[in-house]
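What follows is a short report on a single structure.
Derivation of every value follows stated rules applied to the coordinates shown; laboratory data play no part. All values reported here derive from a predicted model rather than from experimental measurement. Heads up, the Cβs are rebuilt from the backbone with ideal geometry, glycines too, and the neighbour counts pull from every protein chain shown.
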């Protein structure tokens, strides 16, 4: 996943310290693959995955819409050239004054998952479109999905009726099957729930129009993942199964699937050592870790491909850790990482599949280390 | 722990969004308490706990030394008025060019825990003093201590002999009993190990002079913790027990213990909701979470005291979560947090004991949210 353009950048620019390089051509290819796989769905890029202005500008130019988590992200999407009608304020947890700011900027599509949020929107963005997020179980996802977002389908019906009563446009439902979801069937159960909410509301004369199928589309880390095409087919089949020939407008919100495989982090081996003479395993310390951008190694959840110039040599499992004085800054220990026996202090390592959820996760200055630098080429 | 000065700040300044306020008077009191409790130990403030310039200046003025994790932290300590002889480069994982920069800035005291690091220092800071970190088990600490730092005592002997052979000044040993350590006896076993390393090296004609007893001194969160005086007595007793009347120079590195209880974060309740009509527990969402500065709630490790203006009302356990679209951004769920039943959206909450390990941990811009603002008064 280190493209020739990225390799060329590292060869010629040689920036000091860890940095992420994102290849726009890969982002463009991913966008095209999603377009082809789900030609009838509108793409709302999840800005939180990587809000680099050049990525937002590229996607705005290609016709993408934007799923934003905050007013700052809405402003970035507008700055990149998106019109407000192409923006969704997709966070279910919003301050009322932020809803008002988004509304003043022209945004008219808001996520909710409870009565309280509906009340805020009815006051701060009267008449706006709302969609209600429904809880799913996230089974099969690599990044844990808690019960944090969404409500049970029965409550979603009540929430959308309430929105209607308060003068909002009850527009649809959303769900999220869990990030880095590798089971293409996962969308089926959620679409079944969505259809039931549609039917319940129709009985009350409220006709929903949209299903926001969220993100979850995986990027390839170490294991193979299904193609966008396979997802597209499975999702379209599930849609037809549940909605018949009355297909709603559908939205997808790829983040990781759009930019994950487009980025590579260059890092340096700072130290390789053992804890005792008879220690079976070496500790390899990089100049980036959990607090420098690789937060998704938390609980060893995401396992990035790591490339070195010595990958033809014999490998052995190592503990992999970051450079800070924090004992929690260890990336892979329970499930150690195979690295070349010949790996040496000062070697460069490339951490692939790091285009999503790295730059913005980096800490401001933990241990005095700078945040992750980023280049979009 | 919300001092009158902090309360006054919030009353009069009313900053928008979450922010940390640190009371310098509490830091001063903590410094004095450490001085009194361990009058024969040199205090090296762990800059990573909170590197705010005003805190570093205050401590520099009081005579503190500084434990630094990076060149940036060394520069901050110098900027605050510390001379290089009052600075320790305490990270065992250092790039050779960073060692050279520290050495060029006049720093002459370096941590090591392996032969490889000794080699780097012998090249980049010839003749410098080194101390070797010894592994301890961290039992009884609230923040997990992994095997990331240190080596077994037998290997520490070899490492210090090697340093001596390479022309470095083998100066001492260090250990860290684990952060937020509430067992005063924890220092005893580590000091016993330290003494054995001293004795082994003495047999080879190398006379160590210093024991760096690290940090670990707790701050009061919800549970009571022993006083600095109790720690001082236990540590002095252990020192005497193991070193007799040949007491080495001792160093302590308080971070959390110096600034933790001096800071209070003001946050706002963004949303209170349930996931279903028969949900037993409410979810309370704040405008700060795991990625906005409260990273130490990871695995629900650190449990901060939370104050509201309704604390006289009846309480009930709630799930407490942050404002981002990340499902991992939940602070207390397995062990729910009691909050007033009357708590309302828009209410202000004060999160106490947040002076350490908050500002620098905050993510750069995750979900577009600004890093935690900080005021030192």
note = Candidates B:285, B:131, B:217; GNM for chain B (alpha-carbon contacts under 10 Å) flags as most fluctuating B:285
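Taking 51 Å as R0, compute the FRET efficiency from the Cβ-Cβ separation of residue A:25 and residue B:299 and round it to 0.05.
0.80
Quick one: grab the alpha carbon gyration tensor of region A:24-259, order the square roots of its eigenvalues as a ≥ b ≥ c, and give me rounded if a/c is under 1.5, else prolate or oblate depending on whether a/b is larger than b/c.
Taking the square roots of the gyration eigenvalues as a ≥ b ≥ c, region A:24-259 is oblate.
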Nearest-ten-degree value, helix B:228-243 long axis tilted from longest Cα axis of chain B = 20 degrees
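Round to the nearest 0.05 the FRET efficiency obtained for residue A:12 and residue A:307 when R0 = 22 Å and r is the Cβ-Cβ distance. Show your work: numbers first, answer last.
Numbers: r = 18 Å, r/R0 = 0.84.
E between residue A:12 and residue A:307, to the nearest 0.05, is 0.75.
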remark   = Here, residue A:370 and residue B:316, labelled 7 Å along Cα→Cβ, have an inter-label distance in nm of 5.1 nm
ask   = Average partner chain C-beta neighbours within 10 Å, per residue of A:236-248?
value = 0
ask   = Listing A:241, A:24 from the residue with the fewest other Cβ atoms within 10 Å to the one with the most, what is the order?
value = A:241, A:24
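Considering every residue in A:93-100, what mean count of other chain Cβ atoms within 10 Å of its Cβ is obtained?
Numbers: counts 14, 4, 10, 4, 2, 3, 0, 0.
For peptide A:93-100, the averaged partner shielding equals 5.
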message = At 0.36 nm per residue, and after removing the present C-alpha to C-alpha distance, how many nm does the segment from residue B:97 to residue B:4 gain when stretched out fully?
response = 28.9 nm
task = Using only Cα atoms, find the angle between the long axis of helix A:24-37 and the longest principal axis of chain A, and express it within 0 to 90 degrees, rounded to the nearest 10.
result = 40 degrees
key: Length-normalised contact order of chain B in % [C-alpha pairs under 8 Å, at least 6 apart]   = 20 percent
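How do B:160, A:286, B:58 line up, fewest other C-beta atoms within 10 Å first?
Final ranking by Cβ density, sparse to dense: B:58, A:286, B:160.
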message = Restricting to bridges with both residues inside the protein assembly as shown, how much of the DSSP beta-bridge set is antiparallel, in percent to the nearest 5?
response = 40 percent
task = Using a Förster distance of 30 angstrom, determine the FRET efficiency expected from the C-beta separation of residue A:245 and residue A:185, and round it to 0.05.
result = 0.85
message = For peptide B:261-274, what's the mean number of Cβ atoms from other chains within 10 Å of each residue's Cβ?
response = 3
request  = Sticking with the crude label model, points 7 Å out along Cα→Cβ, report the distance from residue B:123 to residue B:227 in nm, one decimal please.
outcome  = 5.2 nm
Sequence ranges B:175-185, B:227-237, ranked by mean other-Cβ count within 10 angstrom, highest first = B:175-185, B:227-237
query = Between the helical axis of B:186-203 and the dominant principal axis of chain B, each derived from Cα atoms, what acute angle in degrees is found, rounded to the nearest 10?
reply = 20 degrees
remark   = Candidates B:102, B:69, B:328; GNM for chain B (alpha-carbon contacts under 10 Å) flags as most fluctuating B:328
inquiry  = Which residue fluctuates most in the GNM of chain A (Cα springs below 10 Å): A:277, A:23, A:224?
reply    = A:277
query = If you take the square roots of the eigenvalues of the alpha-carbon gyration tensor of region A:1-95 and sort them as a ≥ b ≥ c, do you get rounded (a/c under 1.5), prolate (a/b over b/c) or oblate?
reply = oblate
